[in-house]
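Report on the structure given below.
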Amino acid sequence: MSVSPDHPRRVFGVREAAAAVLTATVALYIALVAFGNITDFDTNRQFVRHVLAMDTTFRDEDLMWRAITSRAWQDAAYVAIIVWETVAALVLIAATWLWLRRDLRRARLLSSAGLLMLLLLFGAGFIAVGGEWFAMWQSDKWNGLDAAIRVVLLSGLALLTVHSTGDRSGPARSG
């Protein structure tokens, strides 16, 4: 099998192995999350509904105007979350396959795309929008900030590791 210059294959080093393992770990995790949200639809639908309705917060009148109480909009948001998680899982599964095939450039590209999708969903979506805008941090029962932080940290670590595998064959840099 010939190797094109656009898709060089190298022997796995420690960095590439770490990137592959972290990509696979995040892919497995988010695939299980998406699968759980699909097969146990109602549990996390209730979570999304309560967060968006802000009905378990301190109910501060200065914040409650932000609440989304329409069940249709709440359910649309939940379905969008599931679709986003599913696409991210598929992208990361494909990236894992590329790591195993030692197609490093495309593996980095797909890993980066999938991991950035998760950073957007769990960082911007759950931590910033859910946690702050919808005051999820105020809820004792419907507070997903700890889980979101775990995903952001794992995805961020994986993304940094993926980018540490960049082409190091050029001249050494100084300074």
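Each label point was placed 7 Å from the Cα along the Cα-to-Cβ direction; for Leu116 and Val129 their separation is 1.8 nm.
Between Phe12 and Ala80, how high is the FRET efficiency from 1/(1 + (r/R0)^6) when r is the Cβ-Cβ distance and R₀ = 45 Å? Nearest 0.05. The computed FRET efficiency comes out at 0.80. The residues Phe35, Phe58, when put in order of fewest to most other Cβ atoms within 10 Å, stand as Phe58, Phe35. Specify the angular offset, from 0 to 90 degrees and rounded to the nearest 10, of the alpha carbon long axis of helix 145-163 from the longest principal axis of the alpha carbons in the chain. The angle comes out near 20 degrees. The string of couplings for the stretch 87-97 from the Karplus curve (6.51, -1.76, 1.60, θ = phi - 60°) is 5, 4, 4, 5, 4, 6, 5, 4, 5, 4, 4 Hz, one whole number per residue in order, with x for Gly and Pro. Between Asp55, Asp75, Asp40, the Gaussian network model of the chain with springs among Cα atoms under 10 angstrom shows the greatest mean-square fluctuation at Asp40. Considering Cα pairs under 8 angstrom that are at least six residues apart, work out the relative contact order of the stretch 26-175 and quote it in whole percent. Taking the mean separation of contacting Cα pairs over the length of the stretch 26-175, I get 27 percent.
Looking at the stretch 44-132, the GluC sites (Glu not before Pro) that sit in a DSSP loop and have at most 10 other Cβ atoms within 10 Å of their own Cβ are Glu61. Residues Ser155, Ser112, arranged from fewest to most other Cβ atoms within 10 angstrom of their Cβ, appear as Ser112, Ser155. In the chain, taking the dipole from charged Cβ atoms about the Cα centre, the farthest positive-side position among Ser139, Val87, Trp73 is held by Val87.
Read-outs: derived from the displayed coordinates by stated rules, not from any lab. Predicted model, so just to flag it, every value in this text is computed and none were measured. Here Cβ is always computed from backbone atoms with ideal geometry, including for glycine, and neighbour counts include all displayed protein chains.
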